[in-house]
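Worksheet for the structure shown next.
The values are calculated or read from the model by the stated rules, or taken from the named source; none is laboratory data. The shown structure was predicted, so the numbers you read here are calculated from the model rather than taken from an experiment. Cβ placement follows ideal geometry from the backbone for every residue including glycine, while neighbour counts extend to all protein chains displayed. Just so you know, the surface numbers come from the protein's heavy atoms only, side chains and all, with ligands and any DNA or RNA stripped out. Shrake-Rupley method; radii C 1.70, N 1.55, O 1.52, S 1.80 Å.
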Amino acid sequence: MTVDAWFHYWLTEIKGDNIRPNTRRNYTERYENNIKEYIGNMLLSDVKPFHCQSIFNRMTKDYRNSTIRQTYIAMHCMFESALENELISRNPVTKAVKCSGGKESKPKRVLT
């Protein structure tokens, strides 16, 4: 099964209505904008940690830390579910895959 096919199955059939609309939107945006282009056509079993790290490395110059972290969460959850369903033997989004870097968040402005 390809990553793309798994993502859509995972989001609709496994996550289903158990997640909030905002979470669904975040998962979909992160997948479509940052993940699909690089590993969407790969088989789940062929994705290695270096593929995942490459995605985060590419994001560091254009995205904020929080967006990179959201991408990490989406990828980790998606692959963890594939692992639980015995589609893969290991989650490629391991502790060794770092999602640090990126642009700093804008300072928060507090109204007095």
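For residues that are part of a loop (DSSP other than H, G, I, E, B) and surrounded by fewer than 17 Cβ atoms within 10 Å (Cβ to Cβ), tally how many sit in region 44-54.
1
Looking at 57, 41, which one is modelled with pLDDT under 95 and loosely packed, with under 15 Cβ neighbours inside 10 Å?
57
So residue 70 clears everything in (1) open to solvent by 50 Å² or more (accessible area, probe 1.4 Å); (2) within 23 Å of residue 5 (Cβ to Cβ); (3) in contact with a strand residue (DSSP E or B) (Cβ under 7 Å, 6 or more places away or on another chain); (4) of a type outside the set (Gly, Ala, Ser) except one condition, right? Which one?
For residue 70, the failing item is (3).
At pLDDT 90 or above, among the acidic types (Asp, Glu) and surrounded by 12 or more Cβ atoms within 10 Å (Cβ to Cβ): is that true of residue 84 in this structure?
No.
Tell me, yes or no, whether region 20-37 has at least one residue that is in contact (Cβ under 8 Å) with a residue 12 or more places away in the chain, touching a Ser or Thr at 6+ places or on another chain (Cβ under 6 Å) and either open to solvent by less than 80 Å² (accessible area, probe 1.4 Å) or of a type in the set (A, V, I, L, M) (or both).
Yes.
Restricting attention to region 75-94, which residues are in a helix (DSSP H, G or I), within 16 Å of residue 38 (Cα to Cα) and in contact with a helix residue (DSSP H, G or I) (Cβ under 7 Å, 6 or more places away or on another chain)?
Across region 75-94, the qualifying residues are 75, 78.
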